[in-house]
Amino acid sequence: MITRHHILTGDSLAGTFRRTNLDGNIIVSRECLIDGPVSDDDPEAFWKKRSEYIRNAFNADVNEYLSNVKSEFDKINDIGSDDEVNLWFENDLFCQANMWFTIMLLNRNGITNVYRVSPLIRNANKWEGFGRHTAGDLVQCYEKHQLLKKGDFKLGENLWDAYRREDIVALALLSKSLSPCFPYLEEVCKAEMERKRNARPRKVLEDLLAKGYTDFSDIFTQFSQTEGIYGYGDMQVGNMLKEIRK
């Protein structure tokens, strides 16, 4: 019997999703792979370094991280090879890095019946995501889901490998790939390359401080308006500000 699974980007989306009439198991992606070490390909070393980083950067409990974050990804191991899997990820770099990682895990588990579910694009803001979607909106998103083809799995895994190794040459080449499952890929990869090459997000924050912005709420709003492609939350922006002010 085929079971349906929904891998959702964050608890906020999961809360709205539960108000839909869509059936299936829920897996919540709570990671922020845009932040911290991701280079290890060995699973044990990878999760060890992630848990240590989250503890140090966000003052989080390691056991809580393992039970609330890693455990959700572990559920992928229980998905049947013929089951349907839906990837509910947004278009920004934060979500795309998490999605590339998830595709890698699915591919290594031989799970091929996988769909990308994209947010509705409103007001020409393709980085807004699912945040303002209603339950009805999410049903529309699901009805438009896109099946990942064989090349999409390879692309997703290659994107993750280039990302984790910080190989901007490989990322530049992969960014030219065309697939409805990876819209805005060139823009997202360019944003990551600019982050590695010239610390683009940090420089934007430094410019805001130089212009006299002091209130965090104002800084975060201004940053998000121009740098929404990164998908940074207040914790990521807050940590960057702390580093700058040191």
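What is the mean projected area of the alpha carbon convex hull for segment 1-65, to one decimal in square nanometres?
Details: hull surface 24.8 nm².
Value for segment 1-65: 6.2 nm².
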**Message:** Taking just the alpha carbons, could you work out the radius of gyration and Dmax for segment 91-147, both in angstroms?
**Reply:** 12.8, 38
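Mind ranking Lys150, Lys203 by accessible surface for me, highest first, 1.4 Å probe? Before the final figure, lay out each step's value.
Details: Lys150 180, Lys203 105 Å².
Descending order: Lys150, Lys203.
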**Accessible area, probe 1.4 Å, largest first, for residues Thr112, Thr16** = Thr112, Thr16
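How large is the charge dipole for segment 78-143, taken about the Cα centre, if only the Cβ atoms of Lys, Arg (+1) and Asp, Glu (-1) carry charge, to the nearest 20 debye?
Numbers: 5 positive and 9 negative charges, 58 e Å.
Dipole size: approximately 280 debye.
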**Message:** Could you check the spin-label model distance between Asp215 and Arg19? Points 7 Å from the Cα along Cα→Cβ, value in nm.
**Reply:** 2.9 nm
**Prompt:** Under 18 Å from the 7 Å Cα→Cβ point of Asp78, by amide nitrogen: which residues of segment 9-40?
**Reply:** 23-30
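Could you work out how much longer the chain between Asp40 and Ile244 gets when fully extended? Use 0.36 nm per residue separation minus the Cα distance between them, nm to one decimal. Numbers along the way, then the final one.
Values: separation 204, 0.36 × 204 = 73.44 nm, distance 2.75 nm.
The span from Asp40 to Ile244 would gain 70.7 nm if fully extended.
Quick one: grab the alpha carbon gyration tensor of segment 59-199, order the square roots of its eigenvalues as a ≥ b ≥ c, and give me rounded if a/c is under 1.5, else prolate or oblate depending on whether a/b is larger than b/c.
On the way: a/c = 1.23, a/b = 1.08, b/c = 1.14.
Rounded shape, in that the Cα axes give a/c under 1.5.
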**Item:** Kirkwood Rh (inverse of mean 1/r, distinct Cα pairs), the chain, angstrom
**Value:** 18.8 Å
**Asked** How long, wide and thick is segment 35-137, going by the Cα atoms along their three principal axes, in whole angstroms, largest first?
**Response** 40, 35, 23
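Taking only protein heavy atoms and a 1.4 Å probe, what accessible area per residue, in Å², does the chain have with all protein chains in place? Write out the running numbers ahead of the final one.
Numbers: 12300 Å² over 246 residues.
It amounts to 50 Å² per residue over the chain.
Kirkwood Rh, segment 138-228, all Cα pairs: how many Å? Present the calculation step by step, with values, prior to reporting the outcome.
Numbers: mean 1/r = 0.0648 Å⁻¹.
Its Kirkwood hydrodynamic radius stands at 15.4 Å.
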**Message:** Can you compute 3J(HN,Hα) from phi for each residue in segment 21-32, using the Karplus curve 6.51 cos²θ - 1.76 cosθ + 1.60 with θ = phi - 60°, rounded to whole Hz and x for Gly and Pro?
**Reply:** 9, 7, 9, x, 6, 10, 10, 9, 7, 10, 7, 9
**Request:** When you have a sec, figure out the Kirkwood radius of segment 171-223 from all distinct Cα pair distances and drop it here in Å to one decimal?
**Result:** 12.8 Å
**Message:** So if I place +1 on the C-beta of Lys and Arg and -1 on the C-beta of Asp and Glu, and nothing else carries charge, what would the dipole magnitude of segment 86-244 be about its Cα centre? I want it in debye, nearest 20.
**Reply:** 500 debye
**Complete:** Once the dipole of the chain is set up from charges on Cβ (+1 Lys and Arg, -1 Asp and Glu), the residue from the list Tyr65, Thr214, Trp47 lying farthest towards its positive end is Thr214
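Divide by every residue of the chain the summed helix terms, -39500 (n - 2.57) for each DSSP H run of at least 4, and state the resulting mean residue ellipticity at 222 nm, rounded to the nearest 500 deg cm²/dmol.
After summing the helix terms and dividing by the residues of the chain, the value is -15500 deg cm²/dmol.
What order do Trp160, Trp127 take when sorted by accessible area (1.4 Å probe), most exposed first? Provide the component values of the computation, followed by the final result.
Numbers: Trp160 10, Trp127 50 Å².
Largest accessible area first, the residues go Trp127, Trp160.
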**Within the accessible area of segment 202-246 (1.4 Å probe), percent carbon and sulfur** = 48 percent
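The values are calculated or read from the model by the stated rules, or taken from the named source; none is laboratory data. The model shown is predicted, which means the values in this text are computed figures rather than measured ones. Counting neighbours? That spans all protein chains shown, and the Cβs are built from the backbone with ideal geometry, glycine included. The protein model used for the area step is the full one, side chains on, heavy atoms only, and it has no ligands, DNA or RNA in it. Shrake-Rupley method; radii C 1.70, N 1.55, O 1.52, S 1.80 Å.
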